[in-house]
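Asks: Have a look at this one.
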Amino acid sequence: MQALWMLLASAMFALMGSAVKLAIEQGASLPEVVLFRGMPSVVLLLIFARSGRLPLISPHWRRHIWRNIAGVSSMWLGFVALSHLPLATATSLNYTAPLFIACWMLGWGGAQRDPVRIAAVVLGFLGVVTMLRPSISGDEWIAAMFGLGAGAMSAVAMMQIRQLGSIGEPEWRTVLYFSIAVCLSSVIGVSIEGFGHTGPTGYMALGAVGLTGLCGQLALTRAFGLGSPLLTAALQYTTIIFAALLGVGFFGDQLDAWAWGGIGLIIFAGLLSVWRTMRENRVARPA
């Protein structure tokens with residue numbers, strides 16, 4: 001189930017990326033996209049909590065603060081990198097988060113320090129690089145550091161999600177607090193840049209950003225709250241595969257031999273990590 005939750009999250013985030021692309025093409029501003037990324041989640045999760053008479057205040061609010069600082073910082077650092085770097089380079093740097101998680105687990109993972117799954121994370125990243133083939137010119141190193149910072153902060157946020165899941169914090173409340181933080185950060189961006197000039201198609205795309213982002217964030221939170229973080233990190237790369245297939249189907253993109261080779265490497269890395277986890281679970285079950 002951990003693998004299935006992460007695959008669902010990857011598919012939802014790929015759909016969200018396509019909706020973001022469409023919304024910006026229709027004239028939406030970047031702060032407007034961020035606002036719609038968080039606002040539907042806040043509204044729907046508040047309705048869910050009130051209808052079920054669920055408590056909104058968490059006893060673990062300090063952990064939520066660190067999770068939201070890391071998550072929102074990662075989001076905006078990634079946007080800065082996207083605005084100053086080629087898409088392939090910015091995306092590759094953003095997907096260094098699983099590598100940071102693997103390094104953390106290698107140093108402080110304890111019983112979950114597994115070289116096979118760490119190798120699967122590295123192979124998956126090589127697949128991403130093979131697909132995207134990023135490049136950095138001489139005047140792009142500062143923006144590249146922002147992209148690398150986005151990956152590092154994303155890894156911190158994911159490990160915070162894991163800690164919240166391990167102490168029993170419900171996924172809906174973790175996502176609700178993060179969505180509130182996203183909305184608050186978007187207010188600052190809107191006050192500086194303002195709203196864009198979009199039409200019905202653009203607002204439909206913005207609504208899709210919010211709904212797919214909500215589903216993806218809930219699935220991601222569930223996945224990182226269960227089992228091995230290295231398995232979840234390796235499967236995170238499948239977002240690139242879903243996005244590439246959506247690009248072929250809806251935007252007319254063409255994939256060359258290198259891209260298909262990278263897809264194969266990402267799939268192999270995910271299957272290797274899943275196999276290792278299933279084997280480990282079979283060995284541990286009799287004990």
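Asks: With percent of Cα pairs over 33 Å apart in mind, check [x] 30; [y] 20; [z] 17 and report the label derived from this structure.
Replies: Correct label is [y].
Asks: Now for a different question. Taking R0 as 25 Å, what's the FRET efficiency between Leu56 and Met1 from their Cβ-Cβ distance, rounded to 0.05?
Replies: Once rounded, the FRET efficiency stands at 0.40.
Asks: On average over all directions, what projected area in square nanometres does segment 105-160 have, based on the convex hull of its Cα atoms?
Replies: About 5.0 nm², averaged over all directions.
Asks: Just from its helices, what would the mean residue ellipticity at 222 nm be for the chain, if runs of 4 or more DSSP H residues each count -39500 (n - 2.57) and the sum is divided by every residue, rounded to the nearest 500 deg cm²/dmol?
Replies: Value at 222 nm, helices only, nearest 500: -27500 deg cm²/dmol.
Asks: Let me know the charge dipole size of the chain about its Cα centre in debye, to the nearest 20, where only the beta-carbon of Lys, Arg (+1) and Asp, Glu (-1) is charged.
Replies: The dipole of the chain has a size of about 1160 debye.
Asks: Please build a GNM for the chain, connecting alpha carbons under 10 Å apart, and tell me which residue among Pro59, Pro86, Pro170 fluctuates the most.
Replies: Its mean-square fluctuation being the largest, the pick is Pro59.
Asks: Still on this structure, I have one more. Heavy-atom accessible area per residue, the chain, 1.4 Å probe: how many Å²?
Replies: Roughly 48 Å² per residue, with all protein chains present.
Asks: Mind running the shape call on segment 131-287? Use the C-alpha gyration tensor, a ≥ b ≥ c as the square roots of the eigenvalues: rounded below 1.5 for a/c, prolate if a/b tops b/c, oblate otherwise.
Replies: Verdict is oblate for segment 131-287.
Asks: OK, next. Which residue, Leu45, Leu218, Leu255, tops the fluctuation ranking in a GNM of the chain built on C-alpha contacts under 10 Å?
Replies: Taking springs between Cα atoms under 10 Å, the residue moving most is Leu255.
Asks: Another question, if that's okay. For segment 145-211, just say rounded, prolate or oblate: build the C-alpha gyration tensor, square-root its eigenvalues into a ≥ b ≥ c, call rounded for a/c under 1.5, and beyond that prolate if a/b exceeds b/c, oblate if not.
Replies: prolate
Asks: From the Cα gyration tensor of segment 1-129, with a ≥ b ≥ c the square roots of its eigenvalues, which class applies: rounded if a/c is under 1.5, or else prolate if a/b is larger than b/c, or else oblate?
Replies: oblate
Asks: What FRET efficiency comes out for the pair Ser83/Ile47, r = Cβ-Cβ distance, R0 = 35 Å, nearest 0.05?
Replies: FRET efficiency, Ser83 to Ile47: 0.55.
Asks: Take the solvent-accessible surface of the protein heavy atoms, probe 1.4 Å, and return the percent of it on the chain that carbon and sulfur atoms account for.
Replies: 71
Asks: Suppose R0 equals 22 Å. What FRET efficiency, 1/(1 + (r/R0)^6) with r the Cβ-Cβ distance, do Glu25 and Ile188 give to the nearest 0.05?
Replies: Rounded to the nearest 0.05, the efficiency is 0.35.
Asks: Using Cα pairs under 8 angstrom and six or more residues apart, how large is the relative contact order of segment 224-281, in percent?
Replies: This gives 48 percent for segment 224-281.
The values are calculated or read from the model by the stated rules, or taken from the named source; none is laboratory data. Not measured: the values here are computed from a predicted model. For neighbour counting, all protein chains shown are included, and Cβ atoms are generated from backbone atoms with ideal geometry for every residue, glycine included. These accessible areas exclude ligands, DNA and RNA; they are computed on the full protein's heavy atoms, side chains included. Shrake-Rupley method; radii C 1.70, N 1.55, O 1.52, S 1.80 Å.
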